[in-house]
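A short worksheet on the structure shown next.
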Amino acid sequence: MRGWVWALVAVAGLGGGALLWSFAPSALPVSIEAPLTFPITAPQPPPAMRVGVLHAGRMLSRGLFAYRGGDAGERVFGMDAVIVEHPRGTLLFDAGFGRRVHEHAQTLPWLMRRLSRIEAETPVVDQLAGASIAIESIKGVVLTHAHWDHVSGLDDLRGVPVWINRAELDFIRGTDPAARLARELGDLDYHLYAFDGPPYWGFAASHDVFGDGSVVLVPAGGHTPGSVVAFIHAPDGRSYALIGDLAWQREGVDIPAERPWLARRFVDGDEAGVREVLLRLHLLQRAVPQLLVVPAHDRRVMERLPPARRDDALRRGHPS
């Protein structure tokens with residue numbers, strides 16, 4: 001009997017050691033076997049197009065959960081949305097925290113609730129009202145993916161089309177607990193789009209939203225089946241890649257480094273798929289240094305985007 005006890009202790013010790021090791025610094029292997037080329041049509045964003053960020057909430061958690069080698073200090077994980085005002089329509093990218101965020105957070109697993117602390121800021125819908133932007137004038141909310149902290153604000157934006165691809169809609173309508181809140185919000189006005197365009201900046205296919213190259217969506221499954229990267233090219237020459245939760249903090253792409261095992265098990269549907277996209281984004285960032293890669297929850301990076309305007313109303317309706 002004593003032998004079994006020691007065997008269990010040994011197994012527990014090995015398991016604990018392996019768990020701790022998964023938090024240790026470890027960069028993903030990067031190799032370049034061929035010259036990096038990204039043949040695309042040059043974007044032609046209209047001069048009137050504007051890009052801005054809406055800070056809708058914060059989650060405070062330890063940096064060590066964000067990427068292997070992260071520090072143990074508390075970090076701000078922003079819960080934000082990005083707004084693009086284009087002459088052919090206005091888009092929101094993700095919806096941030098909504099007015100009922102504390103209720104929505106109850107859909108999280110118990111351990112994740114214990115490892116973080118939520119601080120609500122001004123919900124996106126109230127920020128739009130403060131800028132005299134009627135939600136009826138919004139062309140759509142483009143989800144980078146359908147986890148709770150990206151869909152919470154949809155509860156306040158009912159009637160606005162929610163742009164999503166088929167893989168992510170199937171994820172919502174399936175049984176995965178990570179899509180629980182999206183399911184509980186009911187049958188929203190989902191607008192399906194397809195990746196009907198050519199390869200784009202190292203990704204297999206694309207969807208050019210306005211037809212001028214200013215906003216291009218590409219498939220980047222892994223975190224969820226239908227996760228996307230949204231490339232936004234502003235008229236001032238700045239370009240952004242909104243990568244959702246493929247990395248939680250910029251170091252995930254800069255190093256590149258994946259999340260520790262515990263975090264991956266909670267949030268990533270396809271760990272190998274996430275690794276592949278992180279490597280692709282790392283190489284893309286090298287090749288296009290003017291591109292700002294924007295993880296959805298890295299407030300340090302989000303604060304480099306212009307603030308959303310708050311002083312006048314939009315005077316444009318739905319595009320044709």
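Figures for the structure shown
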{"quantity": "Carbon plus sulfur fraction of accessible area for the chain, probe 1.4 Å, in percent", "calculated": "56"}
{"quantity": "Most positive-pole-ward Cα, 294, 84, 144, against dipole of the chain from beta carbon charges", "calculated": "294"}
{"quantity": "Value at 222 nm in deg cm²/dmol, rounded to 500, when DSSP H runs of n ≥ 4 in the chain each add -39,500 (n - 2.57)", "calculated": "-7000 deg cm²/dmol"}
{"quantity": "Those trypsin sites (Lys or Arg not before Pro) in the range 158-242 that DSSP places in a loop and that have at most 14 other beta carbons within 10 Å", "calculated": "158, 173"}
{"quantity": "Charge-dipole axis of the chain as Lys and Arg at +1 and Asp and Glu at -1 on Cβ define it, positive-most pick from 54, 134, 162", "calculated": "54"}
{"quantity": "Computed magnitude of the charge dipole of the chain (debye, nearest 20; Cβ of K, R +1, Cβ of D, E -1)", "calculated": "600"}
{"quantity": "For the chain, the Rg and Dmax computed from alpha carbons only, in angstrom", "calculated": "20.1, 78"}
{"quantity": "Accessible area (Å², per residue) of the range 56-127, counting only protein heavy atoms and a probe of 1.4 Å", "calculated": "39"}
{"quantity": "Net dipole in debye of the range 224-310 [+1 Lys, Arg Cβ; -1 Asp, Glu Cβ; about Cα centre; nearest 20]", "calculated": "320"}
{"quantity": "Debye-sum result for the range 45-93 in log10 I(q)/I(0), which assumes one identical scatterer on each alpha carbon, at q = 0.14, 0.27 Å⁻¹", "calculated": "-0.53, -0.92"}
{"quantity": "Cα centroid of the range 236-305 to Cα centroid of the range 102-134, whole Å", "calculated": "22"}
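The values are calculated or read from the model by the stated rules, or taken from the named source; none is laboratory data. Everything numeric here is computed off the predicted structure, so don't read it as measured data. Virtual Cβ from ideal backbone geometry, glycine too; neighbours counted across all protein chains shown. Accessible surface is based on the protein model in full, side chains and every heavy atom, while ligands, DNA and RNA are left aside. Shrake-Rupley method; radii C 1.70, N 1.55, O 1.52, S 1.80 Å.
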